[in-house]
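Structure, as structure tokens:
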Amino acid sequence: MAIRAAASRRDPWDGDMSSLLPDLAPIRTLPKTLDARCYNRARLALLRLGAPLRVELPGLRGLEVILARDCWLCVDSDVDGRPILAWTDFQSRDPDTLHSPVSCVVHLYDHRAGLVMGFALEALEDILERRLAWCGPHL
């Protein structure tokens, strides 16, 4: 379970990370609703651990998620970082609604994307939760 800041000097809060998105057209694009807990874990990890953040997904050989403020990109690192899927267009939220699900758009780039999407989000949330607990609270 490796988590590391991706090699980038760009400030994640400074502009967008659309450069993470591949040039190829997605097979399919559809609306998605993310669980608030998963979204909040990712945002907190980006704040505390830096961004972009690269997370290896256990149980999904070679798959990693690269997190940035406005884009989460799942890639197959065994195949030169080929994109599998991406979550984008997160709806900005009022701080009073942190418990509410977050709407976004998911782009599917690979035939396996639909099969791994749910597991990838669950694994990502679990890994980030453990990593944040290990880092301790920041006040």
> What number, in percent, do you get for the relative contact order of segment 26-134 if the mean sequence gap of Cα pairs under 8 Å and at least 6 apart is divided by its residue count?
Replying inline: 33 percent
> Which ordering of 104, 135 is given by a fewest-first count of other beta-carbon atoms within 10 Å?
Replying inline: 135, 104
> What is the distance in Å between the Cα centres of segment 92-139 and segment 30-90?
Replying inline: 7 Å
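To the nearest 20 debye, what is the magnitude of the charge dipole of segment 23-134 about its Cα centre, counting +1 on the Cβ of each Lys and Arg and -1 on the Cβ of each Asp and Glu?
Details: 14 positive and 16 negative charges, 36 e Å.
Roughly 180 debye, rounded to the nearest 20.
Sort 57-64, 92-99 by packing, meaning the average of other beta carbons within 10 Å per residue, with the highest value first. Kindly include the intermediate steps, with their values, before the conclusion.
Numbers: 57-64: 16.4, 92-99: 9.0.
Top to bottom by mean Cβ count within 10 Å: 57-64, 92-99.
Rule-based calculations on the coordinates, nothing more; no lab input. The structure displayed is predicted, hence computed values, not measured ones. Virtual Cβ from ideal backbone geometry, glycine too; neighbours counted across all protein chains shown.
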